[in-house]
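Below: the structure, in structure tokens.
The values are calculated or read from the model by the stated rules, or taken from the named source; none is laboratory data. Bear in mind the structure is a predicted one, so any value in this text is a computation, not a measurement. Positions of Cβ are backbone-derived with ideal geometry, glycine not excepted, and every protein chain shown enters the neighbour counts. To get the accessible areas, we keep the full protein, side chains included, count just its heavy atoms, and leave off ligands, DNA and RNA. Shrake-Rupley method; radii C 1.70, N 1.55, O 1.52, S 1.80 Å.
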Amino acid sequence: MMAPRIAGLYALVTAPVQWHPAQVFEEEAAMLKIEFTKGSDRDWIVATRDDGSVEKLSFPKKGLTVHDAVHFFVERDLSLHDAFWGKVEKGSNPEDIQVLAKAGGHASATRAGQPDDSIIELLQAERLVECFEADAWGQPADTESFLEIAKAACESALVPMPEMDAAKVEQIRQNIAAFHADWIKAPAGYTSCLLWRR
């Protein structure tokens with residue numbers, strides 16, 4: 001006869017395993033696989049959806065870090081699910097999204113009113129990406145000043161600033177910096193893969 005403690009341990013290690021496939025195969029939850037490939041004079045992006053459909057784009061180098069990678073961290077960390085990468089995941093062509101964002105842009109004589117609800121998160125992301133790029137390329141502002149700049153940038157497009165505090169600013173800064181550190185020292189042909197989840 002087993003001692004109570006031994007019997008309890010035996011029952012624990014022989015109990016049926018409870019499978020949780022979504023936890024075991026975490027990549028199955030990925031809604032969009034985004035591959036950034038570094039070139040010598042231009043870079044490439046391949047985005048593959050769950051259904052196997054693919055979007056490809058290429059663009060000349062601009063700035064220190066891939067613009068659409070900055071979009072990824074801003075949109076993911078602020079839960080902007082209907083901004084650039086969210087729209088790509090849902091089936092939109094990246095070039096069409098870029099045209100939409102440019103047309104929506106900053107408020108002007110041609111768009112003096114509130115933007116359509118369908119592009120609010122897209123405009124929020126564009127304005128904030130601009131702020132984080134300027135912050136990364138130049139002398140970073142203190143967090144309070146950065147938040148004021150970000151709020152003014154969103155207001156210029158007649159959209160509210162998404163919920164973002166000092167901790168979120170630092171989180172996004174760190175994620176962009178980590179991506180940049182790998183990207184800047186990598187040779188041409190290097191690919192970085194990010195997984196977008198809704």
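Return the whole-Å distance between the Cα centroid of the stretch 38-110 and the Cα centroid of the stretch 138-198.
What the calculation gives is 14 Å, centre to centre.
Highest mean first, how do 75-82, 53-60 rank when packing is the count of other Cβ atoms within 10 Å averaged over residues? Walk me through the numbers on the way to the answer.
On the way: 75-82: 18.8, 53-60: 12.2.
Per-residue mean Cβ counts within 10 Å order the peptides as 75-82, 53-60.
Expressed as cubic angstrom per residue, what is the convex hull volume of the alpha carbon set of the stretch 135-192?
116
State, to one decimal in nm², a quarter of the convex hull surface area for the C-alpha atoms of the stretch 89-196, i.e. the direction-averaged projected area.
Averaging across all directions leaves 8.5 nm² for the Cα convex hull.
What is the extension gain from residue 145 to residue 184, computed as 0.36 nm multiplied by their sequence separation minus the C-alpha to C-alpha distance, in nm to one decimal?
11.3 nm
Using 1/(1 + (r/R0)^6) with R0 = 22 angstrom and r between the beta carbons of residue 98 and residue 33, what's the FRET efficiency to the nearest 0.05?
0.60
Residues of the stretch 95-198: accessible area per residue at 1.4 Å, in Å²?
Per residue, the stretch 95-198 has 56 Å² of solvent-accessible surface.
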